[in-house]
Each structure stands twice: as structure tokens, then as C-alpha cells.
Amino acid sequence: MNNPVVPSFLKHSAKLKREFYTRPLITVAKELLGKILVKTEATHAYTKYKISHTFLAGKIVEVEAYDGSVDQAAHTFIGKTKRNEIMFRQGGYLYVYFTYGAHFCSNVVTGKEGQGTAVLIRALEPIAGIEEMIINRFGRDLKNEKEKLNLTNGPGKICQAFNINRDHYGADLIGNEIFIIDQPAVNNKNIIITKRIGITKSIDLPWRFYIKDNPWVSVK
């Protein structure tokens, strides 16, 4: 396999450290906006496409926070199980779960060990490895610009585009396969705060955050 070509933004940016993730849930959720999610392994669902090893990367533009201590929609509200045990670790790990019998979703574990908090990555703006993301999502070339905007504008779409699955459950975000790199903080005036979507419990918590006017946000 060819050696990956390192994008310029990676050469000049620092990977987030453990201390970033172990802070309070809402603080981490807001500050994840504008940061860049990176996956260093491009594995394709459609093997007929032969594309060299590369980086997949996207700017985080929408997130939702979940806290099992007060939040019935959080997977940790029922206590520790085999499925959610990674959420009870200290911050900086990836919690991946399968939902609706069809999609994987990826979450950034936050806080101190035992707290059971995490941030769902709801939407990304593609930055690098876009051709690979398109193949992973559609298995063909794009038909129109709308499909490009549909590439990573939802949690299940992100995992499909990045080929994140149950094999990545518990991935250490301080490691080298999947990680998040630092970028300047998004100004508070450019962060929209709303209720979370796609849930039926604890629906009044204002724990969804997204970057104002970004076209890759799932629902405005």
C-alpha cells in the first residue's frame, strides 16, 4: 500500500490531547465545532475502486451532547452495559453504536471516568479524501452538487463516508488511526444552540450545537 500524502493542514496542526476531552460535556461539545476529524485508513466498501492510501478529514460543524446522569436519551441513562461501557471511560475515546438496523454513529467520550457522557458528531464539512468518501457513500461518481452536500450531513452518513464501524468502537482519539486536530475556536456568535433532533426522550435539553450558515449542517 502506498504511503499516505500528508495534507498541509495536518503538518501545521496539533492533535487534541486527553485534557481537551476530560473537561465538562457542554464545554467539549461546543469546542469540538470547527475542529477536524481525521481517519488515516481509507478502506473502501467497493473494492473495484483502487485508490491509494490517504487521509479522510472533515471539519466538525454539528454536534449533540448526551449525559446519562440527567438525560433519558443518553445510552448511559440505564447504567453500564456491554454496549455503552466505553462511555464510562475518561474522555478521549470513540463510542460507536449501530442504530435502526442500518447505520453506525460515532461519539466522542468526554469527562472523567465513570461520568457516562459523550458528544455525537452529527455533521462534517469534507476537507480531505473526498473522492474516497464519495466511493464509500455512493459507490459511484457524484450526480450533482446536492449529493456532495449530502455526503457527511448526518451521523450515519459520516460513518459510512469514513468507513467507521464496530471495529472502531473504543478507538483512542489520542492514537494515530482516528483523531481530532485543533483549529481556532468558533466564535460564540456563530454557534447556533437548539434542542436535539431525532430523539423522543429529554427532548427539551438545548444540547445541539452547530455552526451558523454552514451548508453541511443536517437540519437548520
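FYI, it's all coordinate maths here, none of it is from the lab. Just so we're clear, the structure is a prediction, and the values are computed from it rather than from any experiment. All Cβ positions, even for glycine, are placed from backbone atoms using ideal geometry, and neighbour counts span all protein chains on display.
Could you tally the net charge around Leu124, taking each other residue with its Cβ under 10 Å from the Cβ of Leu124, Lys/Arg +1 and Asp/Glu -1? It would help to have the intermediate numbers written out before the result.
Working: positive: Lys59, Arg122, Lys157; negative: Glu62, Glu125.
Residues close to Leu124 contribute a combined charge of +1.
If you stretched the chain out fully between Arg140 and Thr27, how much longer would it get, using 0.36 nm times the residue separation minus the C-alpha to C-alpha distance? Could you put the intermediate results ahead of the total?
Working: separation 113, 0.36 × 113 = 40.68 nm, distance 3.89 nm.
The Arg140-Thr27 span can extend by a further 36.8 nm.
Applying the Karplus parametrisation 6.51 cos²θ - 1.76 cosθ + 1.60 with θ = phi - 60° to the phi angles of the range 55-62, what ³J(HN,Hα) value in whole Hz is obtained for each residue in order, glycine and proline being reported as x?
9, 9, 8, x, 7, 6, 10, 7
For each of Lys39, Lys195, Lys82, count neighbouring Cβ atoms within 10 Å of the residue's Cβ, then give the residues from fewest to most.
On the way: Lys39 24, Lys195 13, Lys82 6.
With the fewest neighbours first, Lys39, Lys195, Lys82 line up as Lys82, Lys195, Lys39.
Under a plain spin-label model, where a point goes 7 Å from the Cα along Cα-to-Cβ, how far apart in nm are Tyr100 and Ile197?
1.2
Can you compute the helix-only [θ] at 222 nm over the chain? Use -39500 (n - 2.57) per DSSP H run of at least 4 residues, normalise by all residues, nearest 500 deg cm²/dmol. If you can, show how the numbers build up before the last one.
On the way: 6 runs with 38 residues, N = 220.
Roughly -4000 deg cm²/dmol at 222 nm, from the helical runs in the chain.
Relative contact order of the range 8-211, please, whole-number percent, based on alpha carbon pairs below 8 angstrom and at least 6 residues apart.
Normalised by residue count, the contact order of the range 8-211 is 29 percent.
Identify all aspartates and glutamates with a Cα-Cα distance to Lys59 below 13 Å; exclude those on the same chain that are fewer than 8 residues away in sequence.
Result set, ordered by chain and number: Glu31, Glu125, Asp182.
Per-residue HN-Hα couplings for the range 164-178, Karplus 6.51 cos²θ - 1.76 cosθ + 1.60 at θ = phi - 60°, whole Hz, x for Gly and Pro?
So the J values, rounded to whole Hz, are 8, 9, 4, 5, 9, 4, x, 4, 7, 6, 8, x, 10, 8, 10.
With a 10 Å cut-off between alpha carbons and a GNM built on the chain, which of Tyr21, Tyr100, Tyr210 moves the most?
With Cα springs under 10 Å in the chain, the top fluctuation among Tyr21, Tyr100, Tyr210 is at Tyr100.
Mind running the shape call on the range 54-118? Use the C-alpha gyration tensor, a ≥ b ≥ c as the square roots of the eigenvalues: rounded below 1.5 for a/c, prolate if a/b tops b/c, oblate otherwise.
Values: a/c = 1.76, a/b = 1.41, b/c = 1.24.
Cα axes put the range 54-118 in the prolate bin.
For the range 134-189, run through the GluC sites (Glu not before Pro) and keep only the ones in DSSP coil with at most 15 other Cβ atoms within 10 Å of their Cβ. Don't jump to the answer; show the numbers that get you there.
Values: sites: Glu145, Glu147, Glu177; in loops: Glu177.
Listed in order of number, the matching sites are Glu177.
Among 154-167, 113-126, how do they line up by average Cβ neighbours within 10 Å per residue, starting with the highest? Walk me through the numbers before you get to the answer.
Details: 154-167: 20.7, 113-126: 23.4.
Ranking the peptides 154-167, 113-126 by packing returns 113-126, 154-167.
Sort the range 175-220 into rounded, prolate or oblate with this rule: let a ≥ b ≥ c be the square roots of the eigenvalues of the Cα gyration tensor; rounded if a/c is under 1.5, and if a/c is not under 1.5, prolate when a/b is larger than b/c, oblate otherwise.
Working: a/c = 2.13, a/b = 1.40, b/c = 1.52.
It comes out oblate by the Cα gyration axes.
Tell me which residues come under 5 Å, amide H to amide H, from Ala123 once H is placed; ignore anything under 5 positions away on its chain.
HN-HN under 5 Å from Ala123: Val61, Glu62.
Where the centre of each part is set by its Cα atoms, how far does the range 154-220 sit from the range 128-145, in angstrom?
20
For the range 8-211, how big is the tail of P(r) above 32 Å, as a whole percent of Cα pairs?
Numbers: 2469 of 20706 pairs.
Every Cα pair in the range 8-211 considered, those over 32 Å come to 12 percent.
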